[in-house]
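Here is the structure we will look at.
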Amino acid sequence: MVVGKQTLMGINGDEAVAYAAKQALVDVCAVYPITPQTIIVEKYAEFVAEGEVHTEFVRVESEHSAMSACVGAAAAGARTFTASAANGIELMNEVIFLASSIRMPIVLAVADRSPSGPINIHCDQTVSLAQRDTGWIMLYCENAQEAYDTTLQAFRIAEHADVQLPVMVMLDGFVLTHTLENVYLLEDKVAHKFVGTRVPMEIEVGGQKIPLKLDPKTPITIGPLALFDYYLETRIQHHEAMERARPVISSINDEWAKLSGRKYGDGFIQSFEVDDADAVIVTTGSTAGTVRYVARQLRAKGKKVGLLKVRTFRPFPSEKVAEILEGVPAVGVFERTHSIGSLGGPLFNEVRSALYDRDKRPAVLGYYGGLGGRDLHPDYFETIYKELFKVKQTGELPPRPVKYISHRE
Amino acid sequence: MTTAKIKWRPKIKEIARQEEYFTSGQRLCAGCPAGTVARLVMHALPRPENTIISNATGCLEVASTIYPFTAWRVPWMHSLFENAPANASGIEAAYKARIRRGLEKEMPDLLVFSGDGSGFDIGVQAASGAIERRHNFLYVIYDNGSYSNTGIQRSGATPMYAWSTTSEVGKAEPGKPVWRKPIALIYAAHNPAFAATASIYHWKDFMQKVRKGMEAEGPAVIHVKAPCHRSWRYKEELGMQMSKLAVETCYHPLWEYDGETRSYSLSTASKVIQKKPERKKPIEEWLEPQGRFRHLFRPKRRDDLLKEFQRRTDEDWEHILRITKQ
Amino acid sequence: MAKQKPSYKEIPAAAVAWKPATDYKTGDWRSKRPIRDTEKCTRCLICWVFCPDGAIHWDGEDLTFDLDYCKGCGICAQECPVECIKMETEE
């Protein structure tokens, strides 16, 4: 369903993100190029060259400086955007922690790519998922349309008065960043109205309400040294802001649905045929599309299979995930990452932990695969469903709950 | 713009009645000249009330903003060690873009502070990039010649042979084995609008350079020698004298670079020595009062090392004389 | 008993500092205090220039040492061109 006038364009995921940032009236875009994010910065450079944006486009000398410039810009009141991938995110890591801790509502598009080494430019989600404790809101996209929709929503979520936290928007490298899809774009004026103008958060200093902004009219000190006597309190404030983001993510998802006709579940998860399912695969990103395809085919053959796509990884929708999965006989969590030396990957651990207090806990198996851009063929997911059915029928669990797929033995 | 203007001179009796934008109650060590650096910079700014500061991690940052306290009465931000110039790039970009959209009226002045840890080592990349991009900011690097904040480890600014906690003095090594980085020349080679070396003892010259640097259109860098008695191991009241001797021995000559004419010139204190070379003091006069060079004098005088230190100092000074030759 | 520090609900968001440093008296650190010979003093203000702590005030006519903040480093005494400042050990 498409509401109102929208333009259909044949663009890839990177371009979809660039168009969204343009329509979001970004004040400052500080970026450093890295494959497979490059099309975002190249497209944005075209907007700048043609005078189509008012943005200050800061072509920094590293990702560390990209995020640092964003922090400075956001602290000075700007709407701020950047994009990166893999090694770039790793180099930014220090600033990523910092940005959220001082409540800078930056939007960061992450073109998910494997970390080095060996050096690899293709897709997996290891690096973005490794950011899970940085205190950022994390949104995973399934396709280019969702990348466009989510990027615009990200500015609203980040800058919401109750939230004021940075947001990462993840799109799978090459699978989404470089693949041409049909994407509906809102009219500029509709998008502008949706994002509005950024208002810096209000803080109370010395009994006075002033903006959290580097402004000579209201001088403030951002980034002091807080030790054992106060550090923990500032961290709890951060945690509370993340909790306040939950209703905001859902309501902005609803608002977007009214505007565009596109809705992503409740903003956190999207389920497909889970109600009576005997086996459900939980996954994130573009893999959800492949799994949905497989599930649809199996359903046509009468197999009771379902899909649970996790769109929002932070704040993690534990309650919602548990509600849906409780009572399902067997659940497979597929992750395009791995956590060496752990029982399972980040998504596996979240899902399993969410179910711990439930009476009817499913068997939960974990699967790692598709690392380094290894193609994820539908057959793999058919096999996972088969294994899940076997667990349901026999009640027997494999010796280890998590295993690799898609590799050569 | 910088050269055409009438030279600003700090009138101390007027300045001393001005508001302090960097206040008392900061917790730098007693006798730490970084406090003097920050105070004098604030007093030399053309528009202190309309200035935003980005401060790298370091002694000044830590000691001035121990939560919940702040010694700054201007908008001030610290984020990390190596990124203060990148932060400043973002602040400038924000105001530029928002002025373009009619959301702000006026561009504030931008000041970046860092110590030598950031200015010489970990933050060189961010500073180099920000200068290349021609952001309009003044970068003041106060050089106390070590990572004093973390317990006196050697930096790219630490002098050769100096003791530090990571360049210990022993049988195999006489302190730091290599010479310091010519950081002001490195930044000046970027062709900023203005660059200079300064010494906290030569306060008028320093304040004038701050004013010039801030008024210059484009990036400006000042490398100011600000001794640290904890690291250099001298008596705490001698900070200004140590900085004076660094200039008089030509270990830290004073000069400036004008981006408009692309020329270097000697500042008064060093020009005097150029004209009357007999006024150049032997390097020993700077080294001996400092405990970090104690092993060059006791238990046995190390003439070989002293000679080498003097040779390197002279070589650098000759280089400065060459490039500042009109 | 010392006053309890505020809860996380009472402090400003984003760890913004909320007290002026002047509320913290560094004068407590001092082991020596500056004593000035007002006859000898020429009011050249060199001491004001070099004081790292901004602990010397000039009202347009005379100087005062602010012992709330003076850490007793002795730079003023060292740099005074007429040697009118002496550092005396605190009792």
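Every read-out reported here was derived from the displayed coordinates using simple, explicitly stated rules and does not represent laboratory data. Note that the structure is predicted; figures quoted are calculated from it, not measured. In this analysis, Cβ positions are derived from the backbone assuming ideal geometry, glycine residues included, and neighbour counts consider all displayed protein chains.
What the Cα convex hull of segment B:131-183 gives, in volume per residue, is 91 Å³. Backbone amide hydrogens, once placed in the peptide plane, bring A:Val58 within less than 5 Å of A:Cys29, A:Ala30, A:Val31, excluding anything fewer than 5 places away on its chain. Report the Stokes-Einstein translational diffusion coefficient (µm² s⁻¹, integer) for segment B:80-198, Rh taken as the Kirkwood radius over Cα pairs, at 10 °C with viscosity 1.306 mPa s. So the translational diffusion coefficient is about 101 µm²/s.
Tell me, A:Leu371, A:Leu388 in order of fewest to most beta-carbon neighbours within 10 Å? If you can, show how the numbers build up before the last one.
Values: A:Leu371 21, A:Leu388 25.
With the fewest neighbours first, A:Leu371, A:Leu388 line up as A:Leu371, A:Leu388.
Bridge orientation summary for chain A: considering DSSP beta bridges with both residues in this region, about 30 percent are antiparallel. In the protein assembly as shown, the C-alpha radius of gyration followed by the widest Cα-Cα span (Dmax) gives 30.5, 105 angstrom. With Cα atoms defining each centre, segment A:383-406 and segment C:1-76 are spaced 70 Å apart in the structure. Using only the Cα atoms of segment C:1-62, build the gyration tensor, take square roots of its eigenvalues as a ≥ b ≥ c, and label the shape rounded, prolate or oblate: rounded if a/c is under 1.5, else prolate if a/b is larger than b/c, else oblate. Prolate, since a/c reaches 1.5 and a/b exceeds b/c.
Legend: translational diffusion of segment A:3-132 by Stokes-Einstein, Rh = Kirkwood radius over C-alpha pairs, 4 °C, 1.567 mPa s; D = 86 µm²/s.
Going from the fewest other Cβ atoms within 10 Å to the most, the residues A:Leu227, A:Leu25 appear in the order A:Leu227, A:Leu25.
Derived from the Cα gyration tensor, the three semi-axes of the equivalent ellipsoid of segment C:26-89 are 17, 13, 10 Å, largest first. Is the shape of segment B:1-95 best called rounded, prolate or oblate, per the rule: a/c under 1.5 gives rounded, else a/b larger than b/c gives prolate, else oblate, with a ≥ b ≥ c the square roots of the Cα gyration tensor eigenvalues? Judged from the Cα gyration tensor, segment B:1-95 comes out oblate (a/c at least 1.5, b/c at or above a/b). Put the Cα centre of segment B:243-267 next to the Cα centre of segment A:19-37 and the gap is 42 Å.
Loop-only check: which chymotrypsin sites (Phe, Trp or Tyr not before Pro) in segment A:324-362 are DSSP coil with at most 13 other Cβ within 10 angstrom? List each step's numbers first, then the result.
Numbers: sites: A:Phe334, A:Phe348, A:Tyr356; in loops: A:Tyr356.
Qualifying residues, ordered by number: A:Tyr356.
Taking a straight Cα-Cα cut-off under 22 Å and skipping sequence neighbours fewer than 8 places away in the same chain, the lysines within cross-link reach of C:Lys32 are B:Lys235, C:Lys40, C:Lys71, C:Lys86.
Sequentially through segment B:228-242, phi angles give Karplus couplings (6.51, -1.76, 1.60; θ = phi - 60°) of 10, 6, 5, 8, 7, 6, 10, 5, 4, 7, 9, x, 5, 5, 5 Hz, Gly and Pro residues having no value and appearing as x.
Here A:Lys217 is the anchor, and the aspartates and glutamates within straight C-alpha reach of less than 12 Å, apart from those fewer than 8 places off in the same chain, are B:Glu49, B:Glu104, B:Glu106. Largest GNM mean-square fluctuation among B:Val169, B:Val140, B:Val221, using chain B with Cα springs under 10 Å: B:Val169.
So what is log10(I(q)/I(0)) for segment A:120-273 at q = 0.14, 0.20, 0.21 1/Å, when the Debye sum runs over its Cα atoms only? Treating every Cα as an identical point scatterer, log10 I(q)/I(0) equals -0.85, -1.36, -1.43. Computed with the Debye formula from one identical point scatterer per Cα of chain B, without solvent, the log10 of I(q)/I(0) at q = 0.14 Å⁻¹ comes to -1.09. Backbone amide hydrogens, once placed in the peptide plane, bring A:Ala83 within less than 5 Å of A:Tyr32, A:Ala109, excluding anything fewer than 5 places away on its chain. Helical content alone sets the calculated 222 nm signal of chain B at -10000 deg cm²/dmol, taking -39,500 (n - 2.57) per DSSP H segment of four or more residues and averaging over every residue.
Antiparallel as a % of all DSSP beta bridges within segment A:193-319, to the nearest 5? Taking every DSSP beta bridge with both residues in segment A:193-319, the antiparallel ones total about 60 percent. In units of the compact-protein estimate 2.2 N^0.38 Å, chain A shows a Cα radius of gyration of 0.98. Sorted into 10 angstrom bins from 0, the C-alpha pair distances of segment B:199-326 split as 12, 38, 34, 14, 2, 0 percent.
Note on A:Arg59, A:Arg311: ascending count of other Cβ atoms within 10 Å places them as A:Arg59, A:Arg311, the fewest first.
Under 8 Å for C-alpha pairs, at least 6 residues apart: give me the relative contact order for chain A, rounded to a whole percent. Walk me through the intermediate numbers first.
Values: 860 pairs, mean separation 65.9, N = 409.
Over chain A, the number comes to 16 percent.
Using just the helices of chain A, give the 222 nm mean residue ellipticity in deg cm²/dmol: DSSP H runs with n ≥ 4 each add -39,500 (n - 2.57), and the total is spread over all residues, rounded to 500. Let's see the in-between values first.
Numbers: 12 runs with 159 residues, N = 409.
Theoretical 222 nm ellipticity from helices: -12500 deg cm²/dmol.
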